[in-house]
Structure formats: structure tokens, C-alpha cells
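Visitor: This structure is in C-alpha cells; I'll ask about it shortly.
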Amino acid sequence: MSDKTYLDWPFFDAAHRQLEGELEAWAAHNAGAAHAADVDAACRDLVTRLGRDGWLRYAVGGTANGGKFDAIDTRSICLLRETLARHSGLADFAFAMQGLGSGALTLHGTPEQKRRYLRKVASGEAIPAFALSEPGSGSDVAAMACTARAEGDHYVLDGEKTWISNGGIADFYVVFARSGEAPGSRGLSAFVVEADAPGFAVAERIETIAPHPLALLRFDNCRIPRANLVGAPGQGFKVAMQTLDIFRTSVAAAALGFARRALDEALRRATQRKMFGQTLADFQITQAKLAQMATGIDASALLTYRAAWLRDQGRAVTREAAMAKMTATETAQQVIDDAVQIWGGLGVVSGHPVEKLYREIRALRIYEGATEVQQLIIARQTLAAYQQAPGA
Ligand code: COS
């Protein structure tokens with residue numbers, strides 16, 4: 001049984017505790033993938049089940065559009081991701097991408113866009129995707145090359161997007177492209193591109209160490225209605241960053257879920273495995289590892305739920321979200337590595353829970369802003385705060 005004492009922290013209210021309890025019971029029976037060999041089918045199936053049982057309503061803001069609350073509750077999203085990740089990486093992925101893929105619409109969509117897309121995302125009838133990265137610009141978003149030019153009642157998109165989660169199974173993509181109002185970050189806009197738009201193609205599917213739907217997308221004279229612009233022209237960079245402010249914190253929560261599962265697995269092994277006349281847990285060398293793991297998890301949880309709570313108070317969280325993502329993902333990597341070590345040879349056998357976690361965690365240190373990008377964000381804000389009010 002995982003440590004649940006964190007639920008007593010002041011970041012949460014009774015509704016959060018109830019949500020965690022109900023989801024835990026649901027996940028124990030529903031989070032497993034029914035189509036292990038076919039990741040697309042497994043993902044679609046998880047989206048359907050998460051939608052059917054009401055969990056996707058938390059991924060969308062606005063009760064009029066099927067959302068659970070009027071605004072996204074970041075703490076609920078984090079609790080959902082943490083709990084799902086403890087049970088299944090793919091269930092966490094399926095939930096998270098419904099939120100990330102539609103987040104720009106929740107934050108900046110027109111009433112018509114919200115009506116058209118969000119209700120279906122919240123019920124699991126539509127799968128969205130967030131298309132930001134390109135072969136030549138991942139961390140440096142402002143350097144993107146994909147273009148969007150206005151032509152009468154349409155925008156015409158040309159270029160490529162890569163590492164797009166849900167690529168290949170999504171019904172629509174929120175695509176960021178250079179619309180040219182100004183150089184750099186001030187000349188980008190966001191658009192909805194439906195999967196059957198003329199000139200849009202899923203050019204290549206990408207396989208990774210922890211399989212989930214992922215693709216390279218191509219836009220070749222891709223025509224979309226002008227009404228598909230999300231937010232104001234030229235504001236796409238900020239739309240992307242505000243979406244990431246929510247979901248980076250939730251990546252930290254997913255990492256936390258993986259780390260908690262790894263600690264549970266490590267404790268199970270350490271208390272059962274006999275060696276030299278005692279259990280592994282009797283060795284101080286094992287206890288030192290367990291102490292580091294437990295402390296790293298609590299430190300990650302404090303940073304994660306601080307960022308989530310601050311955002312739910314309407315406060316700026318770019319720096320706090322970056323701290324949470326960096327710490328929780330890097331810590332989880334170490335915790336999981338320690339769990340593999342405690343399991344020994346069994347820990348690297350394909351399909352073992354800690355072997356799966358070892359593969360699952362790696363991408364989280366890269367996507368939605370690599371650790372190095374989070375360091376850049378934290379350092380910039382720390383320096384700016386100092387320069388505004390230099391201390392002794
Ligand atoms: N919310 C609102 N506005 C923001 C913002 C945020 N979180 N972060 C930055 N901005 C604004 C800035 O205030 C600035 O506004 P003005 O033009 O009005 O001055 C503008 O956006 C540009 O910001 P900045 O100068 O910091 O942009 P940079 O090009 O230096 O990029 C980083 C900053 C590196 C932080 C950004 O490119 C980034 O997050 N990269 C990683 C992207 C990522 O996560 N990729 C993975 C995709 S999902 S798998």
C-alpha cells in the first residue's frame with residue numbers, strides 16, 4: 001500500500017481526498033491495457049473507459065463544455081496523473097494527453113471551438129494532440145519553421161511537427177505555426193487542424209522504449225478555416241507556455257506516481273528477500289537507499305503540489321512548475337534505478353513492474369521541456385528577482 005499521508009497536507013481539500021480514493025479503486029480494475037500488443041487500440045480503449053467513467057471531465061475546463069469545474073483544477077489533474085501512473089503508464093498517458101491536447105482550447109478557445117471540441121474530449125469521443133516540436137526546434141520554440149499564411153477565409157500550413165503524442169490516433173491537433181506578425185516568439189499562432197484536413201498527413205510513426213502513440217506530422221499546403229485560429233494572432237507562444245504551465249506540473253505528478261510505485265516494489269522485495277541470514281531490508285546499505293527514495297519522493301510531492309496549489313490560486317507558476325518537473329522527474333529516475341538494483345536480476349526481466357517503470361520514466365526528463373530547459377527557466381527567474389531587488 002502506497003504512502004497516502006501526503007493527502008493530509010494543506011494543499012488538498014476533502015474533494016481531493018475523495019477523488020483520490022475513488023480513482024484508486026477504479027484504477028485497480030480499469031487501468032490495465034486490454035490490447036497489450038496494439039498500443040493504438042490500448043490507448044483508444046483507455047480513453048473510452050476514462051471518458052465513460054467521468055475522469056476525463058477533469059482534463060477540460062468549463063462545465064458548459066463537459067468539464068468537471070469551471071476552470072481546470074490543477075491539483076485534481078495531478079492527483080489523477082499520480083494515481084494512474086502508479087497503476088499504468090499508458091493510462092496516465094491517455095488521460096494526460098486529453099488535457100494537454102485540448103488545454104489551449106480550454107484556455108483560449110472561442111465559444112464555438114469549445115462547443116465543438118471540448119465536450120467530446122471530456123467524454124472520450126475525441127482524441128486531441130498538442131503539436132509544438134519540430135525536427136529543428138524542440139527546446140527553442142521561438143525558432144519553429146512551420147508556417148501559416150492567411151489566404152481569404154483560410155490559413156494554409158506548411159512544415160513538419162515531430163514527437164507528437166497521440167500522433168496517428170488523434171481526431172484533431174492543436175498546431176503552433178509561424179504566422180509572421182513579428183519575428184521570433186511574437187510571430188506564432190495556434191490552430192486546430194482536424195485529422196482529415198486536406199494537406200495534413202501522419203508522415204511517420206515513431207517507436208520508443210515505452211510505447212505510446214507518437215508521430216511525425218507533415219503539413220503540405222494544408223488548408224484550414226480561419227475560424228480554427230486559437231487565441232489572438234501572434235499569441236501562439238504564450239498560448240503554448242500557459243498550457244505547459246499546467247501540464248508541466250502534471251508531468252511532475254506522473255513521475256511521482258512512477259516513483260511511489262517503485263518504492264512500493266522495492267519495499268516488497270527488500271522485506272521478503274533473504275540473504276546472508278537476514279532480509280535485504282535488515283542491511284543498513286539497503287536502508288540508506290530506502291531513506292533516500294522516501295525523502296526524494298516527499299520532496300518531489302511538496303514541489304509538485306505547491307505548484308498545483310499556487311496555480312489553482314490564480315498565481316504565476318512558471319518557475320514553480322519548472323522546479324517541480326525537474327525535481328520530480330530526476331528524482332523518479334534515481335528512485336526507479338534504486339528499485340531495479342534492489343530487485344537485482346529480476347528487475348531487468350522484460351515485463352517486470354520495475355523494468356517497465358525504468359523504461360517509462362526516461363522520456364519524462366525530456367518532454368514538455370527537458371531538465372535543462374527547466375534549469376534555464378528557474379535560473380532566469382531567480383536572477384531577474386535578484387536584479388529587481390539585489391540583496392546584500
Ligand atoms: N506564460 C505566459 N507568457 C510567457 C510564459 C508563460 N509561462 N513564458 C514566457 N512567456 C512570454 C514572455 O513573457 C515573453 O513575452 P514578451 O514577448 O511579451 O516579452 C515571451 O513569452 C517570450 O518569452 P522568452 O523570452 O522567455 O522566450 P524564449 O524564446 O527565451 O524561450 C523557453 C523560453 C526556453 C522557456 C521556451 O522556449 C520553452 O519552454 N521551451 C521548451 C519547450 C517545450 O516544452 N517543448 C516540448 C513541447 S511539448 S512535448
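The values are calculated or read from the model by the stated rules, or taken from the named source; none is laboratory data. The shown structure was predicted, so the numbers you read here are calculated from the model rather than taken from an experiment. Quick reminder, even Gly has a Cβ in these numbers, built from the backbone with ideal geometry, and neighbours come from all protein chains shown. With ligands, DNA and RNA removed, areas are computed over all heavy atoms of the protein, side chains included. Shrake-Rupley method; radii C 1.70, N 1.55, O 1.52, S 1.80 Å.
Visitor: Quick one: which residues, 5 or more positions from Glu194 or on another chain, have an amide H under 5 Å from its amide H? H modelled 1.01 Å from N in the peptide plane, none for Pro or chain starts.
Guide: Tyr173
Visitor: What do you get for the angle between helix 14-30 and the principal long axis of the chain? Use alpha-carbon atoms, 0 to 90 degrees, nearest ten.
Guide: 80
Visitor: Percent of accessible area on the range 107-167 owned by carbon and sulfur, 1.4 Å probe?
Guide: 51
Visitor: Normalised by the number of residues in the chain, what is the relative contact order in percent for Cα pairs under 8 Å and 6+ residues apart?
Guide: 15
Visitor: I'd like the distance between the alpha-carbon centres of the range 2-31 and the range 214-272, rounded to an integer number of Å.
Guide: 22
Visitor: Would you compute, from DSSP H runs of 4+ residues alone, the mean residue ellipticity of the chain at 222 nm, taking -39500 (n - 2.57) per run and dividing by the full residue count, rounded to the nearest 500?
Guide: -16500 deg cm²/dmol
Visitor: Hey, what angle do you get for helix 39-52 against the long axis of the chain, alpha-carbon based, 0 to 90 degrees rounded to 10?
Guide: 90
Visitor: What is the extension gain from Ser350 to Ala28, computed as 0.36 nm multiplied by their sequence separation minus the C-alpha to C-alpha distance, in nm to one decimal?
Guide: 113.8 nm
Visitor: Once phi is turned into θ = phi - 60°, what whole-Hz ³J(HN,Hα) does the Karplus curve with 6.51, -1.76 and 1.60 give for every residue of the range 216-223, x standing for Gly and Pro?
Guide: Once θ is set to phi - 60°, the couplings for the range 216-223 become 9, 10, 10, 10, 10, 6, 7, 9 Hz.
Visitor: Provide the packing ranking of 107-118, 346-357, i.e. peptides ordered by the mean count of other C-beta atoms within 10 Å per residue, highest first.
Guide: Sorting 107-118, 346-357 by mean packing, highest first, produces 107-118, 346-357.
Visitor: Give me the percent of the accessible area of the range 333-392 that comes from carbon and sulfur atoms, probe 1.4 Å, all protein chains in place.
Guide: Here it works out to 58 percent.
Visitor: Taking the highest mean first, how do the peptides 188-201, 1-14 order by number of other beta carbon atoms within 10 angstrom per residue?
Guide: 188-201, 1-14
Visitor: Also, quick follow-up: Per residue, how much accessible area does the chain have with a 1.4 Å probe, in Å²?
Guide: 43
Visitor: Still on this model: Considering only Cα-Cα distances, which of the following residue pairs are longer than 31 Å: Lys238/Lys289; Lys161/Lys325; Lys325/Lys356?
Guide: Lys238/Lys289
Visitor: Between helix 284-312 and the chain, what is the angle of the helix's C-alpha long axis to the longest principal axis, kept within 0 to 90° and rounded to the nearest 10?
Guide: For helix 284-312, the angle is close to 30 degrees.
Visitor: Okay, moving on. Quick one: what are the phi-derived ³J(HN,Hα) couplings along the range 124-139, Karplus 6.51/-1.76/1.60 with θ = phi - 60°, whole Hz, x for glycine and proline?
Guide: x, 7, 10, 10, x, 8, 10, 10, 10, 6, 9, x, x, 8, x, 5
Visitor: Using the per-residue mean of other Cβ atoms lying within 10 Å as a proxy for protection, in what order, highest first, do the peptides 364-374, 136-146 fall?
Guide: For the peptides 364-374, 136-146, the packing ranking is 364-374, 136-146.
Visitor: Considering only the chain, what is the antiparallel percent among its DSSP beta bridges, to the nearest 5?
Guide: If we restrict to bridges inside the chain, about 80 percent are antiparallel.
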